[in-house]
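As structure tokens, the structure follows; a few thoughts come after it.
Values quoted throughout were computed directly from the atomic coordinates according to the rules given, and no laboratory measurement underlies them. Given the structure is predicted, the values throughout are model-derived calculations rather than measurements. Methodologically, a virtual Cβ is constructed for each residue, glycine included, from the backbone with ideal geometry; neighbour enumeration extends over all protein chains shown.
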Amino acid sequence: MPRFDLATPGGRLHAYLDYLWKDHAYLRLGFQNAHWISPELVRTNQPWPFHLAWWRRQGVRSVINLRGGGFETSFYVLEREACRRLGLVLIDFPVSSREAPSAAQVLAAKSLFQTVAYPAVMHCKSGADRAGLMSVLYAHFRLGMPLRQAVAQELNGRHLHLREGKTGVLDYVFERYFAEGEPRGETFEAWVQRPDYDPKAIKAAFKPAWLGGLITERLLRRE
């Protein structure tokens, strides 16, 4: 039996209350952390259904959900229903904010950005970390932006990303590439496909700052 039954008034109320408080959606009522990367793609935090309706009126055709799907959480059932009602294509592309991306994820992201129906909205929960990682890959693979420029533009404090906490492992991945792969003339795509590219080892080698970890894990409770 579904945890949130949107077909009943009580189930819908339950979903919205859970979304409002447990998913911290009250913080996103008037703040979307929205930034256009290009005229065809905007990055943002988890949208409310009324946000999705607004984006649809702006011409958006697709929604890229970086939090993942296939599970009965309040944010997902509300988003899925809203996309169906509005005629938006919902794409579930889960990534982590505290793991180095695998080669398969990087290659899948490149393929996604080549095939998605634009204009599109791309979101995680806060629009800061996972959205930052994927925005870097979009700007590099889709727009042809140099990777250093893409990292500086999309993975930074302006979008509320904190590199000092555990989410800084995303920055560390690119730092390792700039130190190891770039000097050899390798593309980022080729570097992550090397036999010695090890996401688990990269995560283990990364050391977040104590204060940064406190902010992201305890204060902000980043997903």
- Exposed loop trypsin sites (Lys or Arg not before Pro) only (DSSP loop, at most 14 other Cβ atoms within 10 Å): please give the longest stretch of the chain free of them, not including the sites. 23-220
- Residue by residue through segment 22-29, the couplings from Karplus 6.51 cos²θ - 1.76 cosθ + 1.60 with θ = phi - 60°, in Hz, x for Gly and Pro, are 6, 9, 6, 5, 4, 6, 10, 4
- Item | Only Lys, Arg (+1) and Asp, Glu (-1) charged, at Cβ; the chain dipole about Cα centre in debye | 440
- Task: Could you work out how far helix 103-115 tilts from the main Cα principal axis of the chain, as a 0 to 90 degree angle to the nearest 10?
- Result: 60
- Kindly express, to the nearest 10 degrees and within the range 0 to 90, the angle between helix 9-21's C-alpha long axis and the longest C-alpha principal axis of the chain. 40
- If one computes the Cα centroid of segment 144-211 and of segment 22-46, what distance in Å separates the two points? 23
- Note on the structure: Checking 25, 201, 131 against a Gaussian network model of the chain (alpha-carbon springs below 10 Å), the top fluctuating residue turns out to be 201
- Message: Using a Cα-Cα cut-off of under 18 Å, which aspartates and glutamates could be cross-linked to residue 203, ignoring same-chain neighbours fewer than 8 residues away?
- Response: 99, 129, 164, 171, 175, 180, 217, 223
- Task: For segment 191-203, take each phi angle, set θ = phi - 60°, evaluate the Karplus expression 6.51 cos²θ - 1.76 cosθ + 1.60, and give the result in whole Hz per residue in order, putting x for glycine and proline.
- Result: 5, 6, 9, 5, x, 8, 7, 10, x, 5, 5, 5, 4
- Message: With unit charges on the beta carbons (Lys and Arg positive, Asp and Glu negative) and the dipole taken about the Cα centre of segment 7-71, which residue among 65, 39, 13 sits farthest to the positive side?
- Response: 39
- Identify which of 134, 122, 145 has the largest mean-square fluctuation in a Gaussian network model of the chain, with springs joining Cα atoms closer than 10 Å. 145
- Whole number please: convex hull volume per residue, Cα atoms of segment 62-187, in Å³. 113
- Task: Over 31 Å, how big is the tail of the calculated P(r) for the chain, in percent of all Cα pairs?
- Result: 22
- Quick one: helix 74-86 against the long Cα principal axis of the chain, what's the angle to the nearest 10°, folded into 0 to 90? 80
- Task: Please identify, among 167, 187, 44, the residue showing maximal mean-square fluctuation in a Gaussian network model of the chain using a 10 angstrom Cα cutoff.
- Result: 187
- Message: Taking R0 as 41 Å, what FRET efficiency do you get between residue 180 and residue 36 from their Cβ-Cβ distance, rounded to the nearest 0.05?
- Response: 0.80
- Which value at 222 nm does the chain reach when only helices count, each DSSP H run of 4 or more adding -39,500 (n - 2.57), with the total divided by all residues and rounded to the nearest 500 deg cm²/dmol? -12500 deg cm²/dmol
- Message: Taking R0 as 41 Å, what FRET efficiency do you get between residue 53 and residue 143 from their Cβ-Cβ distance, rounded to the nearest 0.05?
- Response: 0.90
- Message: Given contacts defined as C-alpha pairs under 8 Å and at least six residues apart, what's the relative contact order of the chain, whole-number percent?
- Response: 20
- If the chain between residue 117 and residue 103 were fully stretched, how many nm would it gain, using 0.36 nm times the residue separation less the Cα-Cα distance? 2.7 nm
